[in-house]
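Where a number appears in this text, it was derived from the coordinates with a stated rule and is not lab data. If you're wondering where the values come from, they're calculated on a predicted model, not measured in any experiment. Glycine gets a Cβ as well: all are built from the backbone with ideal geometry, and neighbour counts include every protein chain shown.
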Amino acid sequence: MNQPVPTQPTVRQRAPSPVARATLVAYAALIVYASWYPFSGWHNQGLSPFIFLQHTAMPRYWTRFDAIINVVGYIPLGTLIVYALYPRVRRVWAFLVAALAGAFISGLMEAVQTYLPSRVSSNLDFYTNTAGATFGALLGVLTVTRLLEGSPLYRMRQRWFVQHTSQGLVLMGLWPLAQIYPQSFLFGHGQILPILSDWMSEWLDMSIDLVELLRPGVELTVEQYWLSETIVTACGMVGAGLTLLCLTRRPSPRAWLLAALVASAIVMKSLATALLFSPENAFVWVTPGAQGGFLIGAIMLSGLVFAPHVAQRRLAAITIVLSLLIVNTTPLNPYFLSTLQGWVQGKFLNFNGAAQFLAVMWPFFALWFLLLPSHKLNKQ
């Protein structure tokens, strides 16, 4: 009589982290935008794109602040590369790949800056960025198993959020950061027409105002600006909140997660306003229109917390589209324009470039995510 063959105990397979890979893509895009901002005046200056490597001496003008920012800015890149490679590439090989990839990205950013008259490629930037990526790679190797293999954060993500939400979690983590860049409306992201107008004016060598073309000769009253801000604030808040809610499972503390998301956005908005302008202007964005829109958004979200995921996803897309339409067709508030006069970017040029990228592109990334086919699998 044949005896059954004992089976070997199954070993838990190490799985890659989609969240880490999605975060890496988002962070790399921020680095590219910040390094090449403001994307204007492209031309060949007759210099080798790798001229920064030919200099042995340090730049004449540099500050300790710039060097520290360059190191700190590339630490997350090195760490995320290690996390994204795991478990296929680990330990020493992951460290080497992440460090070399960081050096390559930094060198590419400096080389392209040769064609931008508003930017200066620098060997110091290359060295400090590479040092940051190398340190980040070491940090990633030391922490990857603790964070990606059964950590409390990993278990919480499995328990609170539905499958196929990696891009969505990264997207929601970026929403509070999108509040940093000064905007004419609270939560009014996606104001892309002024940027397109500037680019087209430069390329065609003529003045083009796409907002004026869409609404020629429109002058809004104070009440109309107030109403526009109320609608944009409410739609922006509801769109982001519903995007988060359609990622959650029933056992998750949905109301608390939603409150934490909005609170973090408010805190980030206040801190950024105080830093970019002055501490006494930290709450200058608290206007009657913003207050009304915030109240309407809170009421709408409180009634939609336990709505089906399909309804939340569709309403999120609708409110984001409505916000985009109003933001891009409403002339800039004269009061907001006068406030910008006191904004001196200075040494925060790279930082502001990345912040602008988030503020402009977040709603478009959100719409892309909400339309993904994977949402059909998440009907819990």
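Using the Cβ of Leu370 as centre and a radius below 10 Å, the other residues enclosed give a net charge of +2, where K and R count +1 and D and E count -1. Other residues within the sphere of radius under 15 Å centred on the Cβ of Pro49, judged by their own Cβ, net out at -1 (K and R +1, D and E -1). Positive contributions from Lys and Arg (+1) and negative ones from Asp and Glu (-1), summed over other residues with Cβ under 12 Å from the Cβ of Val305, come out at +2. Proximity of backbone amide H atoms, modeled 1.01 Å from N, is registered between Phe161 and Arg249 at under 5 Å, excluding neighbours fewer than 5 places apart on the same chain. Rounded, prolate or oblate: which fits the stretch 18-149 when a ≥ b ≥ c are the square roots of the eigenvalues of the alpha-carbon gyration tensor, with rounded for a/c under 1.5 and prolate only if a/b beats b/c? In terms of gyration-tensor shape, prolate. Sorting the segments 274-281, 291-298, 228-235, 127-134 by their mean number of nearby beta carbons within 10 angstrom, highest to lowest, gives 228-235, 127-134, 291-298, 274-281. Ranked by the mean number of other Cβ atoms within 10 Å of their residues, highest first, the peptides 74-87, 135-148 come out as 74-87, 135-148.
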